[in-house]
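First up is the structure itself, then whatever we jot down about it.
The values are calculated or read from the model by the stated rules, or taken from the named source; none is laboratory data. Keep in mind it's a predicted model, so treat the numbers as computed, not measured. Because the Cβ atoms are built from the backbone with ideal geometry, glycine has one as well, and the counts that use them run over all protein chains shown. Ligands, DNA and RNA are stripped out before the accessible areas are found, and what is left, the full protein with its side chains, is counted by its heavy atoms. Shrake-Rupley method; radii C 1.70, N 1.55, O 1.52, S 1.80 Å.
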Amino acid sequence: MRPRVCHRRLGGTHGGAIALTVAGRAVHPTPVGAGMRSNAVNADLSEILPEELETEVKELAEISMGTEISEDDLENIIYLCDQVISISEYRSQLYDYLKNRMSAIAPNLTTMVGELVGARLIAHAGSLMNLAKHPASTVQILGAEKALFRALKTKHDTPKYGLIYHASLIGQAAPKYKGKISRVLAAKAALSIRVDALGDKDTPEIGTENRLKVEERLRQLEGRQRLTLSGSGKGKAATPKYKGPAAPVATYNTATDSTLPSGKKAKLEKKEKKKEKKEKAARPAEDEDEDEAVAEEEGVCLRAPRAAGLGWAGLGEGKKGKPSGHGRSARMQEH
């Protein structure tokens, strides 16, 4: 707050040692209770300071080497201190009011994420009923819409949490587990919100049970002992990690090694393929020559009559112009 900064600066110039002694206090005690530094010995500071600290402050006020201030400065300091005190009291009253209202309206949500975060979620959605209509994925990033659309536009990773990041459960998680815990917490919080909006009970039973589950998941991620959900139940043993069959060990194939350059190797492969083609083409011709030689020895002509310059007429034709069996047998007898 700006008034708090001002009164610390002004009061610290008059009693610097006292300001260091009570650094954790909300206001500077000297101008409030004693006014000037010279009046600190006779002032009663028991209302704002404990007895031990009061004695120390009075001793330091006598030996403090701060600068002198005027009456106008003292009036401004006291006015600022009164403002800080009134704002601090109003803040505590507002927190009590918010705590009571959240406990009455959304007790399960309050148990899950706290009064302040729950109130921010409801305010962002517009009402408790509107918040109950949102899925868990929307509750998780509620409040980070600008970052979400920027990530979608630039094709980067989307945000993992929004307003729910300020919940105490996410604060307890390690940085690498915050995303997982925020997803689990958003899922359980969405259920709690729907129970608060549509249910008949005003007790935080569902919220308490869901919070225990989230804490159990957090400890499971961190490798701690699992919690029990009830006093009589016992925690189940953790499921052992699945280990599949060992993959076969790959060996090096030495047949693929070659000392020849890639160009020469390709030329040799082409030559071998050409040789194989020539050998395949030469094999049918050799088979035909062998058949003719055997036929000549037996006295049978296997060559086609057309290749010998004869027509089918000399052999006797059938109905379709093909040689009949009688003409063929007569020809073979002539030979």
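What the table below lists for this structure:
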read-out	value
Where Ala197 falls short, out of the listed (1) at pLDDT 90 or above; (2) farther than 16 Å from Met102 by Cβ; (3) over 24 Å from the mean Cα position of the chain (by Cα)	(2)
Subset tally (residues that are over 10 Å from Asn108 (Cβ atoms) and among the basic types (Lys, Arg)) for segment 166-215	5
Restricting segment 51-72 to residues that are open to solvent by 60 Å² or more (accessible area, probe 1.4 Å) and among the acidic types (Asp, Glu), the residue that is modelled with the highest pLDDT	Asp72
Flag if Gln140 is of a type in the set (S, T, N, Q) and buried (at least 17 other Cβ atoms within 10 Å of the Cβ)	yes
Every residue from segment 103-134 that is without any contact (Cβ under 8 Å) to a residue 12 or more places away in the chain and aliphatic (A, V, I, L, M)	Ala123
Those residues of segment 79-123 which are surrounded by fewer than 16 Cβ atoms within 10 Å (Cβ to Cβ) and under 15 Å from Ala190 (Cα atoms), in sequence order	none
Any pair with Cβ under 6 angstrom, 6 or more apart, that starts in segment 198-225 at a residue that is open to solvent by less than 60 Å² (accessible area, probe 1.4 Å) and ends at one that is of a type in the set (Lys, Arg)	Asn210/Lys188; Val214/Lys188; Glu216/Arg226
Test result for Ser127, closer than 20 Å to Ala167 by Cβ and modelled with pLDDT under 95	no
Residues satisfying the stated conditions in segment 148-177, i.e. open to solvent by less than 30 Å² (accessible area, probe 1.4 Å) and assigned to a helix (DSSP H, G or I)	Ala151, Ile164, Leu169, Ile170
